[in-house]
Amino acid sequence: MRRVRTVGASLPGWLAGRLGVRGPAPLEDEAGHRHATWLELFLDVIFVYALAAVAARLGTEPTPSPSAILAVIGLFLVIQWAWMGQVYYDTRFDPDDLPHRLLVLIALVGAGAMTLGVDEVPESPLLPIGYLIVRGVLLLLYLRARPTSPRARTVTSVYLVGFGLGWLIWLVSLTVPTALRPALWIVAMTIELATPWIGRRRLEQWPVDSRHLPERVGQFTIIVLGSALANLLFAVPDHPRPHMILTAGLAFVVPAAVWWVYTTFVTTNLVTSRLRAGQAYTYLHIPLGGALLLLGWSLGQAVRLVDAGANRLPLELRLLLAASVVVWVLCGLGLYALAARPGAARLAITAYGVISVSLIGATVGEARLLLFLVAAAIVGYAVLLNRRLAAVRKEWDRQRDER
C-alpha cells in the first residue's frame, strides 16, 4: 500500500492545509513506489495529438528537406520537454488535491494550444502561448511546493531560476518579428535543458522515484511508438491487396521489435538504482523518441510509395529510415551504459545493428526487399540484445543473492 506523505516539521500544519502540498517522502521500499495517477494519464492524451501534429509537418513528400526534418526535431523537443517538466514535478511532489488538479487542467489547455500551433510555426503565436501556459503552471506548482521542507526549497530553487528565465525569453519572443522567434526559442530551450545539469548536485539531494520516472518516460515512449504505428496504419489503403498486406506486415515488424527491446530493458530494472536526479536517463530519451517518430513516418512513406506503384525508394527516404534506427540503437547503448559498463558482447551487438541497417539503407533500393532486410536485421538485433539483457539480469540477481 502506498504511504501517505506527511508534512515536514518546518511547515506548520495550518499552512500545509492551505497549500495542500504533502511534504517530501523518504525513499521507500518497493511496495511504496508510486505509479502514474489518473491525472497524469489524462494529461498524456493531448500529447498523443501533439506528436501526430509534429509528424504531420513532414507532409506526404517522400523526400523532406533537411530544414523540414530539423523543424520536426525541434518541435518534438519542445513537446517532449513540456511533458517532461510535469513528470519531474510529479515524481517528487504528489498533492493530488483540488488546486493541483485545476492547475494541471490549465496546463492541459496550454498543451492543446501547442498542438494547434504546430502546423503554423513560427507564424502562429499558439505554440509559444501554449508553452508559456504549460511552463507557467509548472512554475506555480514549484512555488506552491517550495515551503514544504528544506529539501523542497533546494530542489525548487533550481527549477524556478532556470525555467523562470526560459519562460521570460519565451514571453519576449511574442513581441519580436516572426522570423526572430525561433532564435529566441532556441536560446530559451538551451537554458532550460542546461538547468538540471547545472543544478544536478542540488537535485541529487532528492533523488527521483526510481520506479515512477522510468514508468512515465516509458509511457511517453510507447505514445511515440503509437504515433509511429498510426503513420504506418494510415498509409495502408482501405481495401489492401495481398502484396500491400505483406508490405505493411514487414513494416510493422520494425516498431514491434523496437517495442520488444525497449520493454525488455525497462522491465529488467537495470537502471533504477542509478537514476539519481534522472538527467542522463531522460535526456537520452529525447533523441530516442525523435528517432522513433521519424522512423514511423519513414515506414509510412515506404508503404505509400509501394501502394503508388513505386519499385524503388528514394535515397533520402532510405537514409532517413536507416539514420532513425541507428540513433535508436545508439541511445539504447547509452541507456545500457547507465546500468553497466558495456562489454565486448554488448558493443558487438550495437555494431551489428548500426552497420547492418546502414548498409541496407545505403545500398538496397527495392522497397519490399529493403523492408524485409531491415525487419530481419532489427529482429536479429532484438534477439541478441534480449538474450544479453537476460544474462546481465541473471548475473545481477546472483550477485545480490550472494550478498
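The table for this structure:
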item	result
L229 within 27 Å of S324 (Cα to Cα) and either assigned by TED's automatic domain parsing to the domain that holds E40 or buried (at least 19 other Cβ atoms within 10 Å of the Cβ) (or both)	no
Only one of V176, V137 that is among the β-branched types (V, I, T) and not in a helix (DSSP H, G or I)	V176
Criterion: without any contact (Cβ under 8 Å) to a residue 40 or more places away in the chain and either touching an Asp or Glu at 6+ places or on another chain (Cβ under 9 Å) or closer than 30 Å to W38 by Cα (or both) - qualifying residue of R153, R216	R153
Residue list for region 335-353, filter: surrounded by 16 or more Cβ atoms within 10 Å (Cβ to Cβ), farther than 15 Å from V383 by Cα and free of Cβ contacts under 8 Å to residues at least 60 places away in the same chain	P342
Counted residues, region 302-316 - those being more than 12 Å from T247 (Cβ to Cβ) and touching a helix residue (DSSP H, G or I) at 6+ places or on another chain (Cβ under 6 Å)	0
Residue check for R200: surrounded by 21 or more Cβ atoms within 10 Å (Cβ to Cβ) and not aromatic (F, W, Y)	no
Test: residue in region 81-103 that is at positive phi and in a loop (DSSP other than H, G, I, E, B)	yes
Any hit, region 296-312, residues being outside the structural domain of A53 (by TED's automatic domain parsing), more than 24 Å from A56 (Cβ to Cβ) and either buried (at least 17 other Cβ atoms within 10 Å of the Cβ) or of a type in the set (K, R) (or both)	yes
Scan of region 241-271 for residues that are without any contact (Cβ under 8 Å) to a residue 24 or more places away in the chain and closer than 14 Å to L229 by Cα, ordered by number	G249, F252, A256
Among (1) at pLDDT 95 or above; (2) under 24 Å from P66 (Cβ atoms) - the single one E316 does not satisfy	(1)
Boolean, T190 is under 19 Å from W83 (Cβ atoms) and surrounded by fewer than 17 Cβ atoms within 10 Å (Cβ to Cβ)	yes
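The values are calculated or read from the model by the stated rules, or taken from the named source; none is laboratory data. Only a predicted model underlies this, so the values are computations on that prediction, with no experimental measurement involved. Neighbour counts run over all protein chains shown; Cβ positions are idealised from the backbone, glycine included.
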